1. So which residues in the range 36-55 are over 10 Å from the mean Cα position of the chain (by Cα) and within 10 Å of VAL20 (Cα to Cα), if there are any at all?
2. One residue is enough: does the range 37-50 have a residue meeting the conditions in contact (Cβ under 8 Å) with a residue 60 or more places away in the chain and among the aliphatic types (A, V, I, L, M)?
3. In this structure, is GLU83 modelled with pLDDT under 90 and either in a strand (DSSP E or B) or open to solvent by less than 80 Å² (accessible area, probe 1.4 Å) (or both)?
4. Has the range 119-132 got at least one residue that is open to solvent by less than 50 Å² (accessible area, probe 1.4 Å) and closer than 20 Å to GLY22 by Cβ?
5. Being at pLDDT below 90, more than 22 Å from TRP129 (Cβ to Cβ) and among the charged types (D, E, K, R): is that true of ARG29 here?
6. I'm checking my understanding of the structure. Among residues of the range 58-70 that are in contact with a Phe, Trp or Tyr (Cβ under 8 Å, 6 or more places away or on another chain) and buried (at least 19 other Cβ atoms within 10 Å of the Cβ), which one is modelled with the lowest pLDDT?
7. Looking at ALA36, ALA43, ALA27, which one is hydrophobic (A, V, I, L, M, F, W, C) and assigned to a loop (DSSP other than H, G, I, E, B)?
8. Residues PHE135, PHE93: which one is among the aromatic types (Phe, Trp, Tyr), open to solvent by less than 60 Å² (accessible area, probe 1.4 Å) and under 16 Å from the mean Cα position of the chain (by Cα)?
Amino acid sequence: MPFPETPRVIYNKNPLNEEVRGCLSKAERLVKRLPAGDLKRNANGFLSSLRKILSMESQAGADVSMLPVLEAVCPDDHSIVFEWAYDDCRLGFSVESNSSESSWYLITIPESGGVRASGLIACSNFEQWLRWLVFLVRLRS
């Protein structure tokens, strides 16, 4: 199942939306440098979904100012990995050229529960999962 097509969010010029942009800026710069193709389309789809959720959170009054920058790297396997990392946990998303192979992961140290969870992004309730995972990141911040 491909990433859901979501319209680009139109931002008002206010500090919360600038914070959403700042959180995603590094990842967006890396995706812009990708060559055209399925990986770039899927990465843009993922970031669009994440942007939509973060914007909805901020417009609903959630403080997104403490969110760290979403890190992004392109390993040699033709994927892109987005990750929020803390001292005691990591939440990441591996976006692949074949969207059915894209996945997410959550890992915590034993003192924080020793959670080891992962799953495929290609599911019918992806945005619900993403909203829940973003909530966990906000709790960590």
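The values are calculated or read from the model by the stated rules, or taken from the named source; none is laboratory data. Just so it is clear, the model here is predicted, and its values are computed rather than measured. Cβ coordinates were reconstructed from backbone atoms using ideal geometry, including for glycine residues, and neighbour counts include every protein chain displayed. Remember, those area values only see protein heavy atoms, side chains included, never the ligands or the DNA or RNA. Shrake-Rupley method; radii C 1.70, N 1.55, O 1.52, S 1.80 Å.
1. Selection gives LYS52, SER55.
2. Restricting attention to the range 37-50, the residues satisfying the condition of being in contact (Cβ under 8 Å) with a residue 60 or more places away in the chain are 37-38, 42, 46, 49-50.
Adding the requirement that they be among the aliphatic types (A, V, I, L, M) leaves 50.
Within the range 37-50, one or more residues are in contact (Cβ under 8 Å) with a residue 60 or more places away in the chain and among the aliphatic types (A, V, I, L, M).
3. Details: modelled with pLDDT under 90: no; either in a strand (DSSP E or B) or open to solvent by less than 80 Å² (accessible area, probe 1.4 Å) (or both): yes.
Judged against the criteria, GLU83 is not a match.
4. Step one: list which residues in the range 119-132 are open to solvent by less than 50 Å² (accessible area, probe 1.4 Å), which gives 119, 121-123, 126-127, 130.
After this cut, where a residue has to be closer than 20 Å to GLY22 by Cβ as well, the list is 130.
The answer is yes; a qualifying residue exists.
5. Details: at pLDDT below 90: no; more than 22 Å from TRP129 (Cβ to Cβ): yes; among the charged types (D, E, K, R): yes.
So ARG29 fails the test.
6. Let us first name the residues in the range 58-70 that are in contact with a Phe, Trp or Tyr (Cβ under 8 Å, 6 or more places away or on another chain), namely 67-68, 70.
Of the ones still in play, those that are also buried (at least 19 other Cβ atoms within 10 Å of the Cβ) are 67, 70.
Numbers: LEU67: 84, LEU70: 94.
Here the residue is LEU67.
7. Working: ALA43 fails: assigned to a loop (DSSP other than H, G, I, E, B); ALA27 fails: assigned to a loop (DSSP other than H, G, I, E, B).
Within the list ALA36, ALA43, ALA27, the selection yields ALA36.
8. Numbers: PHE135 fails: open to solvent by less than 60 Å² (accessible area, probe 1.4 Å).
After ruling out the rest, the residue left standing is PHE93.
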